[in-house]
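In what follows, a single structure is set out as C-alpha cells and then discussed.
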Amino acid sequence: MIKPAEFKEIAWGVSILYVEDDAELRNNTVRLLSSFFAEISTAENGLTGLEKYKIRPYDMVITDINMPVMNGVKMAQQIKRENPQQVIVVISAHDEANYLLDLINLGIDYYILKPLDLKQFLNILYRAVCLSQFHKLEKDYKTTLEKTVAQRTRELSEALNIVNDLSSELVLRLSSAAELRDSETGMHNKRLGLYTPRLARELKMPHDFVDSIAFAAPLHDIGKIGIWDSILLKPEPLSAEEFEIMKSHTVIGASILANSKYDKIRMIETISLTHHERWDGSGYPNGLKGDEIPIEGRIVAICDQYDALRSKRPYKTSYSHHRTMNILTRGDGRTKPEYFDPEILAAFISIADEMDAIFNQNQEEGQNSLGAVGVDSSAGLPE
C-alpha cells in the first residue's frame, strides 16, 4: 500500500496535464490529484490539451480516450511523436478497449479503466511518477554530462591554446636566437610563419599541413645555431669557403631535429634541410630537382627569398615590393624564376599584395628584418 505522505513527497514537483471532457469527472479527479501534485493543468479535449502541451511540456499527461474535436489517442500520437519519452496515463471505459493495441504501439506507459479504483489509480500514478522522475534524472544527467564535457572541452581547448601560444613564442625566440644570437625578436622568422600558411592555403593544402607549416617555417634556419659567430655575424659578404660552412646550417638543422615522433618537428627537419634547394637543381645541400624537393621546402624557399629581398642588410638596402616581385618573376642575375616551383610561384604572384601587407604589418621599430645574417640569400652560389 502506497503511503500518501511518501507519494506526495515524490510527486510534488511533477507537473500534470489532465485531459477529460466530462466536467464533473474532471473536477473530482483534479481535487484528488491536487492532494499530491502542486501543478495541474486541464483541458476538455485532445486539441486543447495538445495546444497546451506545445506551449510547455509536462512531466505527465493523463487523458481520457473518447472526447469531442480530438480524442485522446490522436493527441497521444502527436505528443509521442514530439517526445517519445513522455509519460502518458490513459483512462478509458470498458467499451474503448479496441484502442488498446493502438495505445501499446504508441508506447503508452499506463492504462486504467473506468470507473476509477482509487487504490489502483494511485498505484499507477505512483509508478508513472517514478518513471517521470527517472526520465527527468536521465535528462538532467545527460544535460550535466553535456555541460561537463563542454566545460572540459573548453578547459582542454584553453590549455591547448596556452600550449600553442607557448610553443609559438618558444619557436619565435629559438629561431631568433639561432639567427641573431641575441634577444632580438626575429621578425623575419615571424613573417615566415605568416607567409607560408597563406601560400599553403592558396595551394589548397590540407588544414593539418597549413597548421604545421605555420609552426615549422619560423625554425627553417635553426641549424645556424651551429655556425660560428665569425661567419654568422660577419657584416661583409662571405668568402667562398665561409659560404660553404654557412650552407651546412641546412644539414645541422636537420640533424638536430632528426628522428622525432612528432609530425610538426619532422616538418621542421624537412624544411631545415630543403629550403635552399631549387626547382632547377642548382640549390643545396643535395642538389634536389623538381618534385624531389618536398613541397614544404619549396613553399618556404620562395617566402624566404621574398622576405630576404624585402629586408635591409648591412650590405644592401631593402627592396620595394614591386622590385622584389620583378626579381622573383624575371630574375636579376642572382635570383631566377627557374629556382622556384612554377605552380608555387604562380600562387605566390596571385596573392602578392597580401604578402606585401604581411611584410609591412610585421615590422619592429629599430630592427632590421634579417633573413640570412652574413650572406645575401638573394645571391646564388658564388660564381
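Values quoted throughout were computed directly from the atomic coordinates according to the rules given, and no laboratory measurement underlies them. All values derive from a computational prediction rather than experimental measurement. When we count neighbours, we look across all protein chains shown, and the Cβ atoms used for this are built from the backbone with ideal geometry, even at glycine.
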Exercise for review: Name the long-range amide H neighbours of ILE62: under 5 Å, sequence gap of 5 or more, or other chain; modelled H, no Pro or chain starts.
Suggested key: LEU17, TYR18, VAL19, VAL89
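Over the alpha-carbon set of the stretch 188-239, divide Rg by the Kirkwood Rh and report the Rg/Rh ratio to two decimals. If you can, show how the numbers build up before the last one.
On the way: Rg = 14.8 Å, Rh = 12.6 Å.
Rg/Rh: 1.17.
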Exercise for review: Calculate I(q)/I(0) for the stretch 11-75 by the Debye formula, one identical point scatterer on each C-alpha and no solvent, and give its log10 at q = 0.15, 0.19, 0.20, 0.27 Å⁻¹ to two decimals.
Suggested key: -0.41, -0.65, -0.72, -1.17
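Name the trypsin sites (Lys or Arg not before Pro) in the stretch 221-288 that are in a loop by DSSP and that have at most 14 other C-beta atoms within 10 Å, would you? Write down the numbers at each step before the final one.
Details: sites: LYS224, LYS247, LYS261, LYS264, ARG266, ARG278; in loops: LYS261, ARG278.
Within the stretch 221-288, the qualifying trypsin sites (Lys or Arg not before Pro) (loop, at most 14 other Cβ atoms within 10 Å) are LYS261.
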Study note, to complete from the structure: From the Cα centre of the stretch 99-138 to that of the stretch 1-70, the distance in Å is 12 Å
Check your understanding: Long-range amide H contacts for SER92: which residues qualify at under 5 Å (H placed 1.01 Å from N, peptide plane, sequence gap of 5 or more or a different chain)?
Key -> ILE112, LEU113, LYS114
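Work out how much length ASP208 to ASP353 would gain on full extension: take 0.36 nm times their residue separation and subtract the Cα-Cα distance, in nm to one decimal.
On the way: separation 145, 0.36 × 145 = 52.20 nm, distance 2.50 nm.
Fully extending the segment from ASP208 to ASP353 adds 49.7 nm.
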**Study point:** Size-normalised alpha-carbon gyration radius of the stretch 270-359, reference 2.2 N^0.38 Å
**Key:** 1.04
Revision key, fill the gap. The distance between the Cα centres of the stretch 239-253 and the stretch 275-347, in whole Å, is 18 Å
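Direction-averaged shadow area of the convex hull around the Cα atoms of the stretch 181-361, nm²?
About 10.1 nm², averaged over all directions.
On alpha-carbon atoms, Rg over Rh for the stretch 241-300 using Kirkwood Rh?
Details: Rg = 11.4 Å, Rh = 11.6 Å.
For the stretch 241-300, the value is 0.99.
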**Study point:** Value of relative contact order over the stretch 181-361, rounded to a whole percent, pairs C-alpha under 8 Å and six or more apart
**Key:** 20 percent
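As a quick test, which of the pairs LYS3/LYS74; LYS54/LYS74; LYS3/LYS114; LYS234/LYS264 have an alpha carbon distance above 25 angstrom in this structure? Mind dumping the intermediate values first?
Working: LYS3/LYS74 34 Å; LYS54/LYS74 15 Å; LYS3/LYS114 23 Å; LYS234/LYS264 32 Å.
With Cα atoms farther than 25 Å apart: LYS3/LYS74; LYS234/LYS264.
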Review point. Over the stretch 4-144, how many percent of alpha carbon pairs lie in each 5 Å bin up to the one with the longest distance?
Key: 2, 10, 21, 25, 23, 13, 5, 1, 0, 0
Check your understanding: Taking θ as phi - 60°, what are the ³J(HN,Hα) couplings along the stretch 336-347 by the Karplus curve (6.51, -1.76, 1.60), each to the nearest whole Hz, with x for Gly and Pro?
Key -> 10, x, 5, 6, 10, 4, x, 5, 6, 4, 4, 5
Review point. Which whole-Hz ³J(HN,Hα) couplings does the stretch 145-154 yield from phi under the Karplus relation 6.51 cos²θ - 1.76 cosθ + 1.60, θ = phi - 60°, glycine and proline marked x?
Key: 4, 4, 5, 5, 4, 4, 5, 5, 5, 4
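List the chymotrypsin sites (Phe, Trp or Tyr not before Pro) within the stretch 1-52 that fall in a DSSP loop (any state other than H, G, I, E or B) and whose Cβ has at most 13 other Cβ atoms within 10 Å. Numbers along the way, then the final one.
Numbers: sites: PHE7, TRP12, TYR18, PHE36, PHE37; in loops: TRP12, PHE36, PHE37.
Within the stretch 1-52, the qualifying chymotrypsin sites (Phe, Trp or Tyr not before Pro) (loop, at most 13 other Cβ atoms within 10 Å) are TRP12.
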Review point. Do any chymotrypsin sites (Phe, Trp or Tyr not before Pro) in the stretch 233-302 lie in a loop, going by DSSP, with at most 10 other beta-carbon atoms within 10 Å of their beta carbon, and if so which?
Key: TYR262
